[in-house]
Amino acid sequence: MIGAGPTVRGARRSARTRVLVLVGFAVYGALAALGDPMTWPVRVAVAAPVLAVIVLAVRRGWHRPGSPGGRGDLSKAGPVPIIVWVVLLAVVAVIQLGHFFAEPRSIYPTLSSLFEQPLSFYPVRAAALAVWAWLGWALVTR
């Protein structure tokens, strides 16, 4: 477009980038879902985005207290938010472990057993992997 200002070009470039990122996550989900669940190729396909998000989070400074992505000063909040999250995650972990060792699975389901049936369909599994990876990326890039 002749005479388009820098904001119009920037907005177009930003929209194009967003579309490419979404397409990239869709392709990732489609490829990662090709493998059978609980096999090494799928474990690697799941571990790669996890490692990428961890590296991105560390590069952005999320490991430094008070600077999650460079916003605000959380150091004044003290240890309370961390303690709350640790307690919540511990409760979920204890419940999951209790259900994992309890029998029968139909009465004491784990999260993985609840999601086993819906995720057995390739399109659902591919979409779930794409959305999961996008959420991790969006969390550290916002």
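The values are calculated or read from the model by the stated rules, or taken from the named source; none is laboratory data. In this text, all values refer to a predicted model and were calculated from it rather than measured experimentally. A quick note on method: Cβ atoms are made from the backbone with ideal geometry, for glycine too, and the neighbour counts reach across all protein chains shown. Just the protein is used for accessible areas: all its heavy atoms, side chains included, with ligands, DNA and RNA removed. Shrake-Rupley method; radii C 1.70, N 1.55, O 1.52, S 1.80 Å.
Miscellaneous remarks
- Filter pass, ARG13 being open to solvent by 40 Å² or more (accessible area, probe 1.4 Å), farther than 24 Å from PRO123 by Cα and among the basic types (Lys, Arg): yes
- Pair list, Cβ under 6 Å, 6 or more apart: the stretch 97-123 residue over 27 Å from GLY35 (Cβ atoms), other residue open to solvent by less than 70 Å² (accessible area, probe 1.4 Å) and assigned to a loop (DSSP other than H, G, I, E, B): TYR108/ALA102
- Complete set of residues in the stretch 106-115 that are open to solvent by less than 80 Å² (accessible area, probe 1.4 Å) and part of a loop (DSSP other than H, G, I, E, B): PRO109, THR110
- Test for GLY29: is it free of Cβ contacts under 8 Å to residues at least 60 places away in the same chain, surrounded by 14 or more Cβ atoms within 10 Å (Cβ to Cβ) and out of contact with any Cys (no Cβ under 6 Å at 6 or more places or on another chain): no
- Residues satisfying the stated conditions in the stretch 116-130, i.e. of a type outside the set (D, E, K, R) and surrounded by 13 or more Cβ atoms within 10 Å (Cβ to Cβ): LEU119, VAL124, ALA126, ALA127, ALA128, LEU129, ALA130
- Near pairs, Cβ below 8 angstrom, 6+ apart or cross-chain, from the stretch 75-95 (assigned to a helix (DSSP H, G or I)) to any residue that is open to solvent by 80 Å² or more (accessible area, probe 1.4 Å) and at pLDDT below 85: SER75/PRO65; PRO81/LEU74
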